[in-house]
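Trainee: Sharing a structure with you now.
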Amino acid sequence: MTLRPLPSNLCRFAGCTLTGALSVTTHVRDAITVVHGPQGCTHHNFSLLHATSLDNDRIALPPLVSTGLSEIDVIFGGEGALDRTLDVVIARDPGAVFVLSTCIVDTIGDDVGMICGSKAGVPVIVVPTAGFLGGSFQTGVNNALIALAGMAEPAEGNGQVNIIGEKNLEYEVEENFAEVSRLLALLGLSVNLRFVHDLATDRIASLGAARLNVLRDPSLIPVGESLKERFGTPYITMYPVGISGSVDFLESVADTCGIDPHRAVDEERGLRQETLDDFADLAGSEVSFAPLPPDPEGSRAAQDIAHALRLDINPSGRPVPVPVTPPIGITGVRRLLHRWRRALHA
């Protein structure tokens, strides 16, 4: 066994598949998520999700229930524990029940689909989340979104836009959504569904009514393709990133939707220039980016912003912060530049 990860094995170091799926299913506010496995898997994720919600000023307890598999269940099978737990949960009359399996359940071979398929009264949706064969956090997110999309049928178009796969655990999820909504409004478009962020079960039915899906980032392309195949909805592969991303985003959305973008693009270019003018006092400063974020998109965005402001990128320059995820739109750039100004004038 080697302790040096190869590129092909990087998904093993990208977080738990179960946690990725839970970051999606726990945002369906009238549903209950059943974690089929030992109590420790549920307890660990409950603590993580609760702490993240508090950090984001969202006072909410993740609606999680564990089947609490014991050593006896692991030896003789946990299907009975799942069956009993589902009966208890369904009796609460939730909008839906999502069943997520842990690695141990796939190892012992429980037929989760059979148990869930025998239940009636509320939708019981199985989300594949056992990641011990190489799945990552993002695998869990994608699997959850595709599974939940199965609750929707094709619907009459309403001319609106879906936001797909928001990073519910990031600090600026609401600010990033507001920025994308602002840009869509410049084109006369509004948001149909945040799939999935703080959503009621019955709203999922409108998923197929949108004219366009905007993916949070390219890692969600499998979800975009699945929704396109199911509903015929085209998609944009990512949020607007960095100093030039807003104009590119407007042009991509307009081209896909058949909208004239010129007035919106001119307005956004004016806002970009206004931003550069507001931070012109930083021009000529020597800056360094240390440590660089693991996301190369974040590194490129930081360098583009620095070049636009005529900053000198130098290893000996004053360190300025670079977020783990790149700034979204001009509003995100302005927030980052305020942090740079504080660092440079400290």
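Trainee: Do we have any residue at all in the stretch 225-234 that's touching a residue at least 24 places away in the same chain (Cβ under 8 Å), touching a Ser or Thr at 6+ places or on another chain (Cβ under 7 Å) and part of a helix (DSSP H, G or I)?
Mentor: Yes, the conditions are met somewhere in the stretch 225-234.
Trainee: Oh, and also: If only one of 229, 297 is surrounded by fewer than 18 Cβ atoms within 10 Å (Cβ to Cβ) and at pLDDT 95 or above, which one is it?
Mentor: Only one candidate qualifies: 229.
Trainee: Within the stretch 267-285, identify whether any single residue is surrounded by fewer than 13 Cβ atoms within 10 Å (Cβ to Cβ), within 23 Å of the chain's Cα centre (by Cα) and assigned to a helix (DSSP H, G or I), and answer yes or no.
Mentor: Checked against the condition, which is being surrounded by fewer than 13 Cβ atoms within 10 Å (Cβ to Cβ), within 23 Å of the chain's Cα centre (by Cα) and assigned to a helix (DSSP H, G or I), the stretch 267-285 yields no hits at all.
Trainee: Test of understanding: among 175, 170, which residue is under 30 Å from residue 271 (Cα atoms) and open to solvent by less than 50 Å² (accessible area, probe 1.4 Å)?
Mentor: Only one candidate passes the filter, namely 170.
Trainee: Output yes when any residue across the stretch 84-91 is modelled with pLDDT under 95 and either under 25 Å from residue 228 (Cβ atoms) or of a type in the set (Asp, Glu) (or both), and no when none is.
Mentor: The answer is no; no qualifying residue exists.
Trainee: Only residues in the stretch 324-341 that are in contact (Cβ under 8 Å) with a residue 12 or more places away in the chain and among the charged types (D, E, K, R) count as the first member; pair them with residues that are surrounded by fewer than 24 Cβ atoms within 10 Å (Cβ to Cβ) and in a helix (DSSP H, G or I), Cβ under 9 angstrom, at least 6 apart or cross-chain, and list the lot.
Mentor: Listed by first residue and then by second, the contacts come to 334/275; 334/278; 335/175; 341/281; 341/282.
Trainee: Quick one: how many residues across the stretch 90-121 are closer than 18 Å to residue 135 by Cα, open to solvent by 70 Å² or more (accessible area, probe 1.4 Å) and not acidic (Asp, Glu)?
Mentor: 1
Trainee: Quick one: in the stretch 321-336, which of the residues that are of a type in the set (A, V, I, L, M) and assigned to a loop (DSSP other than H, G, I, E, B) is nearest to the chain's Cα centre (by Cα)?
Mentor: Checked the stretch 321-336; the qualifying residue nearest to the chain's Cα centre (by Cα) is 324.
Trainee: Give the residues of the stretch 209-224 that are part of a helix (DSSP H, G or I) and open to solvent by less than 10 Å² (accessible area, probe 1.4 Å), sorted by residue number.
Mentor: Result: 209, 220, 223, 224.
Trainee: Further, regarding this structure: Given (1) in a loop (DSSP other than H, G, I, E, B); (2) modelled with pLDDT under 95, where does residue 151 come up short, assuming only one miss?
Mentor: (2) is the only condition that residue 151 fails.
The values are calculated or read from the model by the stated rules, or taken from the named source; none is laboratory data. Everything quoted here is computed from the prediction, not taken from an experiment. Using ideal geometry, Cβ is built from the backbone for each residue, glycine included, and neighbour counts are taken over all protein chains shown. Accessible surface areas use protein heavy atoms only, side chains included; no ligands, DNA or RNA. Shrake-Rupley method; radii C 1.70, N 1.55, O 1.52, S 1.80 Å.
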